[in-house]
């Protein structure tokens with residue numbers, strides 16, 4: 001009986017995944033450049049705006065909490081915790097939104113422009129799933145217990161986001177042409 005239930009469950013998962021695979025629309029070439037630029041901007045925002053170690057450490061700095069609790073009245077302490085909670089929740093929401101945007105891009109457009117191997121795509125999918133799960137759990141933890149509830153999970157989410165950024169950056173590497181300065185190459189042409 002258990003084997004039957006397991007077989008039916010596996011069959012259902014396969015049918016659902018085939019449905020979503022067949023339903024997926026082919027991206028058009030006309031919106032491709034805009035999607036590429038938006039993906040690159042999202043990646044840069046995630047890497048340089050949300051994930052630098054200094055920013056993450058500053059948002060979740062335990063020293064700030066200790067200082068406020070040692071020298072401020074209770075109403076200031078409550079205000080500090082409320083503000084820090086809102087900042088932490090906002091950070092997680094922005095990371096999650098950027099990851100979802102990158103995920104949408106990779107699902108629909110990256111395979112047209114990048115040569116990703118099957119193992120890289122699987123690893124990327126697992127990293128996306130793990131990161132989205134971590135973001136969701138962080139939101140719940142911050143909402144229920146405040147911004148200092150899960151420091152280890154914050155580091156784990158930031159590391160997973162860094163891995164996703166690295167893989168995404170490699171797949172979008174063709175957008176960055178290194179060694180070409182458009183002003184200098186234009187000036188060199190005019191001199192010749």
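Please give the Cα centre distance for the range 64-84 versus the range 115-156, rounded to the nearest Å.
The two parts, judged by their Cα centres, are 28 Å apart.
Can you tell me the FRET efficiency between residue 62 and residue 13 if r is taken as the Cβ-Cβ distance and R0 is 41 Å, rounded to the nearest 0.05? All intermediate terms of the calculation are to be shown ahead of the outcome.
Numbers: r = 42 Å, r/R0 = 1.03.
Between residue 62 and residue 13 the formula returns 0.45.
Label-point separation (nm) for residue 81 and residue 166, each offset 7 Å from Cα along Cα-to-Cβ?
About 3.8 nm, to one decimal.
All of the numbers you see were taken from the coordinates with simple rules; none came from a lab. Being a predicted model, the structure only gives us computed values, none of them experimental. For neighbour counting, all protein chains shown are included, and Cβ atoms are generated from backbone atoms with ideal geometry for every residue, glycine included.
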